[in-house]
Amino acid sequence: MQQSTAPTFSLADARYEGPDTASVLSGFREGDYHFRVRAITPAGEAGPWSDTLTLRVHFMDRRTLFLLLGTGFTVAALTIGAIVHGFLAHRTGT
């Protein structure tokens with residue numbers, strides 16, 4: 001499998017070679033990435049390259065991230081508070 005930031009694969013890096021049919025890639029910076037694969041026969045003969053798969057990495061802005069994190073924290077805190085309040089209000093003292 002080759003990866004490149006150029007659609008022509010003029011600056012391609014070999015990302016993987018082997019029999020694995022499913023892999024996870026992570027750690028990409030923002031931008032466009034292009035991938036292609038080809039099969040190699042047991043005799044070592046290379047087949048044609050596949051069609052190019054283009055991936056665009058785009059991160060959400062920090063304002064949206066902190067809004068979502070704050071909302072999640074608020075919901076979790078209120079849920080825990082409701083559970084503790086319900087427990088304390090309905091305990092039988094035994």
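Go through region 10-30 and give me each residue that's in contact with a strand residue (DSSP E or B) (Cβ under 6 Å, 6 or more places away or on another chain) and not aliphatic (A, V, I, L, M).
Across region 10-30, the qualifying residues are Asp13, Arg15, Phe28, Glu30.
Would you mind finding the one in Leu25, Leu69, Leu11 that is of a type in the set (A, V, I, L, M) and not in a loop (DSSP other than H, G, I, E, B)?
Only one candidate qualifies: Leu69.
Looking only at region 52-65, filter to residues that are in a loop (DSSP other than H, G, I, E, B) and touching a residue at least 12 places away in the same chain (Cβ under 8 Å); which one of those is least open to solvent (accessible area, probe 1.4 Å)?
If we take residues in region 52-65 being in a loop (DSSP other than H, G, I, E, B) and touching a residue at least 12 places away in the same chain (Cβ under 8 Å), then Thr52 is least open to solvent (accessible area, probe 1.4 Å).
Every residue in region 1-32 that is exposed (fewer than 10 other Cβ atoms within 10 Å of the Cβ) and either within 18 Å of Phe59 (Cα to Cα) or under 16 Å from the mean Cα position of the chain (by Cα) (or both), please.
Ala22, Ser23, Val24, Ser26, Gly27, Arg29, Glu30
Farther than 14 Å from Gln2 by Cα and either hydrophobic (A, V, I, L, M, F, W, C) or in contact (Cβ under 8 Å) with a residue 12 or more places away in the chain (or both): does that describe Phe28?
Answer is yes for this residue.
Could you check region 33-51 and list, in sequence order, the residues that are open to solvent by 60 Å² or more (accessible area, probe 1.4 Å) and in contact with a strand residue (DSSP E or B) (Cβ under 7 Å, 6 or more places away or on another chain)?
The answer is Arg38, Ile40, Trp49.
Scan region 73-94 for residues that are surrounded by 10 or more Cβ atoms within 10 Å (Cβ to Cβ) and either under 34 Å from the mean Cα position of the chain (by Cα) or hydrophobic (A, V, I, L, M, F, W, C) (or both) and jot them down.
Phe73, Thr74, Val75, Ala76, Ala77, Leu78, Thr79, Ile80, Gly81, Ala82, Ile83, Val84
The values are calculated or read from the model by the stated rules, or taken from the named source; none is laboratory data. Every value quoted in this text rests on a predicted model; they were computed, and no experiment measured them. Ideal geometry is used to build each Cβ from the backbone, glycine not excepted, and the neighbour counts take in all protein chains shown. All accessible areas refer to the heavy atoms of the entire protein, side chains included, with ligands and DNA or RNA removed. Shrake-Rupley method; radii C 1.70, N 1.55, O 1.52, S 1.80 Å.
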